[in-house]
Each structure stands twice: as structure tokens, then as C-alpha cells.
């Protein structure tokens, strides 16, 4: 739902938490090839949405990000500007071609 929320222009943070977080984080970091897990960040290849993964998802971290996003802050403006860049990428007429090329490049790296 992060992509839909971004398209609507709503500030957000992504939180993913589970037991054994530090161990699982080390395991998943080796498994995951990309820098990001949320679609808006993947589409733009930049950290538009804060991703609080596993042991980084603490009450203090959530509070810090939400406080900034609920205020008229630089972090909020940066996120909304990132949403605009994401919309431009998604509405690009060559989006299908770019996506196909991206998939091919990704698959080549997996060999």
C-alpha cells in the first residue's frame, strides 16, 4: 500500500518488525539485492519513505519520523517532492520499456 499512499500524496513511514530482528536482518541483507523494500523507493531509487526495518523499528524511531512528517518540516517537503518525481517516472510514456529493461538487467545480474 506504500505506492498507493504515495500516489495520494500522504506522508508515511514503512515499519517491518518481527522477533529475532538482528539475526533476521543480517540474514535478509544477504538475501535482498536491492537497497529498498518499498515501491516508491524502488521506483525512484532514492529513500523517499523512511524504512524502519526489523530492529531499527523502535518506538523512538517511529516517533521521530512521525513528528517530522506531521509538522511542516524539511523531511515532509522532501517526501512530497519525492512523490512528484515518482509520479513523473510512473507516467513516463516509455515506462513499460524502462521496466522491461530494468527486469532484464536485474536477471542478468542474478546469473
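The values are calculated or read from the model by the stated rules, or taken from the named source; none is laboratory data. Values in this document were obtained by computation on a predicted structure and should not be read as measured data. As a convention, Cβ positions derive from the backbone with ideal geometry for all residues, glycine included, and neighbour counts pool all protein chains shown.
The residue that is farthest from the chain's Cα centre (by Cα), counting only those in region 52-83 that are closer than 29 Å to residue 99 by Cβ and at pLDDT below 95, is 54. Taken across region 40-57, residues that are surrounded by 13 or more Cβ atoms within 10 Å (Cβ to Cβ), without any contact (Cβ under 8 Å) to a residue 40 or more places away in the chain and over 29 Å from residue 107 (Cα atoms) do occur, with at least one present.
Every listed requirement among (1) modelled with pLDDT under 70; (2) within 21 Å of residue 76 (Cβ to Cβ) is met by residue 2 save one, (1).
Highlighted here are the helices (runs of 4 or more DSSP H) found entirely within region 6-111 that include at least 3 residues which are touching a helix residue (DSSP H, G or I) at 6+ places or on another chain (Cβ under 6 Å): 21-31, 39-44, 74-90.
Would you be able to say whether some residue in region 100-111 is surrounded by 15 or more Cβ atoms within 10 Å (Cβ to Cβ) and without any contact (Cβ under 8 Å) to a residue 12 or more places away in the chain? So far as region 100-111 goes, no, none of its residues is surrounded by 15 or more Cβ atoms within 10 Å (Cβ to Cβ) and without any contact (Cβ under 8 Å) to a residue 12 or more places away in the chain.
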